[in-house]
Amino acid sequence: MRLDVVTIFPEYLEPLNVSLVGKARARGQLDVRIHDLREWTHDKHNTVDDTPYGGGPGMVMKPEPWGEALDAIVESGADDARPTIVVPTPSGEPFTQEIAVELAEKPWLVFTPARYEGIDRRVIEEYGDHYDVRELSIGDYVLAGGEAPVLVMVEAVARLLPGVLGNAESHRDDSFAPGAMADLLEGPVYTKPPEWRGRGIPDVLLSGHHGKIARWRRDEAFRRTTANRPDLIERTDPAAFDKKDREM
Ligand code: ADE
């Protein structure tokens, strides 16, 4: 998969050299290209922002550098290659595991993290007319810029690419993964030693009884979801829950 990121803070994307994403790059599974938006400015001060039409606080990112940057990146691909453009913004559609799965199937993503009050709307409209543009929010809070959201989204997507996670099974039981435990959060996990500060391990996990262990995991997932995310329970088809769940 190819990933391009256009930013005024290229150093903010340094974590993409580390850990899972860094290793995927080193193995050639990810081709990550970070671009400095200011390379597409032409004035002495490398200006990327200006005051908003209509007044109000803050600054808006100018359309010209974004247009030149995106044209150059899009044209650098193979003749028929068309990227999906991901615009991180608190006004976007919520970024979910489902969207991560969708993005992981694309061959090429271009991220446009903005600073200030965002990018001149015409840029989103212009590229939206010709490309698949996704405006995505990583949560209901406002960050100073889209770079941290890019790190979040790239990590969520990269770990789904074939061969990137050591154990292909390890995302099967993720909270939010499609499948048997869909809409339930993952329950607690334990490892050795069997006793730590006087705290043991639930007996069932030591029983070797796979059926009972699966049942226990599901009960714990249900308990945790009810406590932390009742909204997930409410939006789930009641048929997905059994008698035991309803008694909890
Ligand atoms: N930029 C600023 N806040 C953001 C958020 N919550 N999600 C995506 N991009 C953002």
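Quick note: the coordinates plus some simple rules give every number you see, no bench work behind them. Note that the structure is predicted; figures quoted are calculated from it, not measured. Here the Cβ is made from the backbone with ideal geometry for all residues, glycine too, and neighbour counts use every protein chain on show.
Checking every one of the trypsin sites (Lys or Arg not before Pro) in region 1-106 against DSSP loop status and a limit of 11 other Cβ atoms within 10 Å picks out Arg27, Lys44. Using just its DSSP H runs of length 4 or more, each adding -39500 (n - 2.57), the chain gives a mean residue ellipticity at 222 nm of -9500 deg cm²/dmol after division by all residues.
Farthest towards the positive end of the charge dipole of the chain, among the residues Leu70, Pro113, Tyr131, is the Cα of Pro113, using unit charges on the Cβ of Lys, Arg, Asp and Glu.
Taking all Cα pairs closer than 8 Å and separated by 6 or more residues, the relative contact order of the chain comes to 18 percent.
What's the magnitude of the charge dipole for the chain around its Cα centre, counting Lys and Arg as +1 and Asp and Glu as -1 at the beta-carbon? Answer in Debye, nearest 20. Present the calculation step by step, with values, prior to reporting the outcome.
On the way: 30 positive and 44 negative charges, 314 e Å.
My answer is approximately 1520 debye.
The order of Trp66, Trp216, going from fewest to most other C-beta atoms within 10 Å of their C-beta, is Trp216, Trp66.
For the pair Val142 and His45, what calculated FRET efficiency results from E = 1/(1 + (r/R0)^6), where r is the Cβ-Cβ distance and R0 = 25 Å, to the nearest 0.05? Provide the component values of the computation, followed by the final result.
Details: r = 27 Å, r/R0 = 1.07.
After rounding, the FRET efficiency stands at 0.40.
Against the chain, whose longest principal axis is taken from its Cα atoms, helix 63-75 shows a tilt of about 70°. Working from Cα pairs under 8 Å separated by at least six residues, relative contact order for region 139-240 is 20 percent. Ordered by the number of other Cβ atoms lying within 10 Å of each residue's own Cβ, fewest first, Val21, Val150 fall into the sequence Val21, Val150.
For the chain, DSSP calls about 15 percent of its internal beta bridges antiparallel. Sorted fewest first by neighbouring Cβ atoms within 10 angstrom, Met1, Met248, Met59, Met153 come out as Met248, Met59, Met1, Met153. Placing unit charges on each Cβ (+1 for Lys and Arg, -1 for Asp and Glu) gives the chain a dipole about its Cα centre, and among Pro230, Gly208, Thr51 the Cα reaching farthest toward its positive end belongs to Gly208. Computed over the alpha carbons of the chain, Rg followed by Dmax gives 22.3, 71 Å.
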